[in-house]
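Below: the structure, in structure tokens.
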Amino acid sequence: MFRAKRPIQELIERIEQDLDSCHVELESLKERLADTETYKQGKLAVEIQSRYRETQARIDELTGQWEENV
């Protein structure tokens, strides 16, 4: 029984590591979006906003995977 649970536990740990990384990135992006200097470079602001949405979507996806496997 332990062997059967091990792959699932490893998957959950990988998902949790990915979630942690995404949350760190999201916080960094929030800080950059809060900085008025970001908006002085319009293209940069658009890129950061896009990356923010992608990261949030990834968090949602990983959260769903985590919930399915816990």
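The values are calculated or read from the model by the stated rules, or taken from the named source; none is laboratory data. The model shown is predicted, which means the values in this text are computed figures rather than measured ones. Using ideal geometry, Cβ is built from the backbone for each residue, glycine included, and neighbour counts are taken over all protein chains shown. These area figures cover heavy atoms from the full protein model, side chains too; ligands, DNA and RNA do not enter into them. Shrake-Rupley method; radii C 1.70, N 1.55, O 1.52, S 1.80 Å.
Residues that are touching a Lys or Arg at 6+ places or on another chain (Cβ under 7 Å) and of a type in the set (A, V, I, L, M) within the range 27-68 comprise Leu29, Ile48, listed in sequence order. Under 9 Å between Cβ atoms, at least 6 apart or on separate chains: pull out the pairs that start in the range 45-61 with a residue that is more than 14 Å from Asp18 (Cβ to Cβ) and end on any residue that is aromatic (Phe, Trp, Tyr) and open to solvent by 70 Å² or more (accessible area, probe 1.4 Å). As it stands, the answer is Ala45/Tyr39, since those pairs meet every condition given.
So which residues in the range 2-50 are aliphatic (A, V, I, L, M) and in contact with a helix residue (DSSP H, G or I) (Cβ under 7 Å, 6 or more places away or on another chain)? Reasoning before the result, please.
Kept after step one, since they are aliphatic (A, V, I, L, M), are these residues of the range 2-50: 4, 8, 11-12, 15, 19, 24, 26, 29, 33-34, 44-46, 48.
Answer for the range 2-50, where residues must be aliphatic (A, V, I, L, M) and in contact with a helix residue (DSSP H, G or I) (Cβ under 7 Å, 6 or more places away or on another chain): Ile8, Leu11, Ile12, Ile15, Leu19, Leu26, Leu29, Leu33, Leu44, Ala45, Ile48.
Taking into account only those residues within the range 21-70 that are within 12 Å of the chain's Cα centre (by Cα) and among the acidic types (Asp, Glu), which is surrounded by the most Cβ atoms within 10 Å (Cβ to Cβ)? Ranking the candidates gives Glu25 first.
One residue stands out in the range 31-44 among those that are in a helix (DSSP H, G or I) and acidic (Asp, Glu): the one that is farthest from Ser21 (Cα to Cα), namely Glu37.
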